[in-house]
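The values are calculated or read from the model by the stated rules, or taken from the named source; none is laboratory data. Source: prediction; values computed, not measured. Heads up, the Cβs are rebuilt from the backbone with ideal geometry, glycines too, and the neighbour counts pull from every protein chain shown. With ligands, DNA and RNA removed, areas are computed over all heavy atoms of the protein, side chains included. Shrake-Rupley method; radii C 1.70, N 1.55, O 1.52, S 1.80 Å.
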Amino acid sequence: MKVRTRSSAVIATFCLVASLALTTASADEPGARRQVAKVALTNVATATNPTAGAVGPGGKVWIAERAGTVRVLGDHGLGAPVLDISAETTTDGERGLLGIAFDKKSAHFYISFTNLEGTSTVDEFAVRHGKLLTDTRRTVLTQTQPYDNHNGGDIKFGPDGYLYIALGDGGSGGDPHGNGQNLGTLLGKLLRIDPHGATPYAIPRDNPFVGDPDARGEIWAYGLRNPWRFSFDARTGDLLIGDVGQSDWEEIDWAPASSKGGENYGWSQMEGTHPFRGGTEPANHVPPVHEYDRTGLGCSVTGGYVYRGRAIPDLAGQYVFSDYCDGTLRSLQMRNGKVTGVNDLGVNGGEVISFVQGGKGELYVLAIGGTIARIDPA
C-alpha cells in the first residue's frame, strides 16, 4: 500500500508506556516548557488489514479494510460490515479500499478505492439516520492508473467544505511519465472538488488553475509522489501531507489555512529538499517542513494528525505521524509553519498504515496486520 510491501502478518511488538520528552516550545504555548508526558497504546479492536478511518454519525469511528469492507467501531470492537465492495476491488500491489470520508453533516459517505482494472475511483453514498443508502451510490471521480503502486487514495473534507483527493504519481519508480510536474494530469496531485455542485462534481472557481488551458482545474497542489495520508488541523485548518519518498528521503509538507493553493512540492525534480537524479529545483518549490532519511528511521512515511484531544495535554498542537517500516510514533512541534521540535513518542504501532482522528480529537493508530489502537495517557 506504500512504497515498500512487507508481510502484513508481522506486527512489531508494542512498547505500551514510555516518556515523551518535550524540550522546545509548542504551537499552542510559544516559549513554554512542558512537563514530560507519558503515552500508551491501548488496543481497542482487530480488523482485517485496516487502511483508513473516519468519524461518522454520532461521532462513531468507521474503519475501512483493504479488501473492500467498512465496519463501525463500537465499545466491544468492530461490528458487522456496513459496506462490502470486495468483489469490485483487488489487493494486488498497493491497491484496495484506500480511503473513506464523511461530509460535514455526515449526510454523505465517500469511498476511495482502485477497481478491478486498477482505476482510482471515488464513490458517494447518501446517509440517513446513520445508515448508508446503497441504492444512492454514484461515482464522483475516476483516474486511470498506469501501474499498481503510488495510488495515493486518501480523501478528506477540508474546513471549506470541499472534498480533497490525494493521488500518487502513477507508480513504477522515479516518475517515468513526469506526472508530478505535469499540470495536465491529475496524477501526482492533491485535488479539490465540490461533489455537490454539479454532476458528477464541480470545480471550485477559486481553485488555483481554473482558467489555465494547460492545467486541470481540479488541482489544488502538485509535485507529489505518493501523498498516502494528509489531514487538516482541526483547530487552525492548516494542511499537512505525508508524501512517501523514492530512495532516500521521506517528507511532510505543510500549507497554512490561508493558502490559495498552487503549491509545488517538487517531485520529481526534488525528493524532499534534495535534487532528484540531477533534477533542478523549481523556482516555485515549496520545501517540506520536515524530512528524514531512511538510515534507521524507516522507508515510508505515514502522515497523521495534529493532536487536538484532551486526554494528553502535553501533546496538544503537535503533529503525530509514523513510518510503515519503522512503526515508531513521532510528533512535530510547530510554530508559524516551522518545526521547532521533533519527538519520539516512545511507542511502536507496528506496520502503521494510517491514523484516525476520533470525534473528540483523540487519535487511533491502524496497523496493516489488524491492530487498531488508541493513543492514551499512560
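So with the 1.4 Å probe, I'd like the accessible area per residue for segment 262-378, rounded to whole Å². Mind dumping the intermediate values first?
Values: 3820 Å² over 117 residues.
I get 33 Å² per residue for this part.
Of the options 196, 213, 45, report the single residue whose Cα projects farthest towards the positive end of the charge dipole of the chain (beta-carbon charges: Lys, Arg +1; Asp, Glu -1).
45
Which percent of the Cα-Cα distances in segment 62-172 go past 22 Å? Walk me through the intermediate numbers first.
On the way: 1821 of 6105 pairs.
It works out to 30 percent of all Cα pairs.
Report the Stokes-Einstein translational diffusion coefficient (µm² s⁻¹, integer) for the chain, Rh taken as the Kirkwood radius over Cα pairs, at 10 °C with viscosity 1.306 mPa s. Could you put the intermediate results ahead of the total?
On the way: Rh = 20.4 Å.
For these conditions, the coefficient is 78 µm²/s.
Taking R0 as 22 Å, what's the FRET efficiency between residue 38 and residue 236 from their Cβ-Cβ distance, rounded to 0.05?
FRET efficiency, residue 38 to residue 236: 0.25.
What does a probe at residue 378 reach in segment 340-355, counting residues whose amide N is under 13 Å from the point 7 Å along Cα→Cβ?
Only 345-348 fall inside the zone, counting backbone N under 13 Å.
Taking +1 at the Cβ of each Lys and Arg and -1 at the Cβ of each Asp and Glu, which of 296, 369, 307 sits farthest along the dipole of segment 238-378 towards its positive end, judged by Cα position relative to the Cα centre?
Farthest towards the positive pole: 307.
Using the alpha-carbon centroid of each, what span in Å lies between segment 85-118 and segment 235-277?
24
Assign one of three labels to segment 192-231, namely rounded, prolate or oblate, based on the Cα gyration tensor with a ≥ b ≥ c the square roots of its eigenvalues; rounded applies when a/c is under 1.5, prolate when it is not and a/b is larger than b/c, and oblate otherwise.
Oblate is the answer for segment 192-231, as a/c is 1.5 or above yet b/c matches or exceeds a/b.
Note down the magnitude of the dipole of the chain about its Cα centre, charges +1 on Lys and Arg C-beta and -1 on Asp and Glu C-beta and zero elsewhere, to the nearest 20 debye.
So the magnitude is around 1020 debye.
Please give the Cα centre distance for segment 144-191 versus segment 46-63, rounded to the nearest Å.
Rounded to whole Å, the Cα centres lie 23 Å apart.
Please give the contour-minus-distance gain from residue 295 to residue 280: 0.36 nm per residue of separation, less the Cα-Cα distance, rounded to one decimal in nm. Don't skip to the end; give the middle numbers.
Details: separation 15, 0.36 × 15 = 5.40 nm, distance 2.46 nm.
Taking 0.36 nm per residue and subtracting the Cα distance, the gain is 2.9 nm.
Ignoring ligands, DNA and RNA, what percent of the accessible area of segment 210-340 is carbon or sulfur (1.4 Å)?
Within segment 210-340, the accessible surface is 47 percent carbon and sulfur.
Kindly provide the pair-distance distribution of segment 257-353 built from C-alpha pairs, with 5 Å bins from 0 and whole-percent values in order of increasing distance.
Pairs per bin, as whole percents: 3, 12, 17, 20, 20, 16, 9, 3, 1, 0.
What FRET efficiency would be calculated for the residue pair residue 76, residue 210, taking the C-beta separation as r and a Förster radius of 41 Å, to the nearest 0.05?
Values: r = 48 Å, r/R0 = 1.18.
Step by step, r from the Cβ atoms, then E = 0.25.
Measuring from label point to label point, each 7 Å out along Cα→Cβ, what is the residue 88 to residue 117 span in nm?
Each label point is offset 7 Å from its Cα along the Cβ direction, giving 1.5 nm.
Could you tell me what percent of the accessible area of segment 35-121 is made up of carbon and sulfur, with a 1.4 Å probe and every protein chain present?
Values: 1640 of 3480 Å².
Looking at segment 35-121 in its full context, I get 47 percent from C and S.
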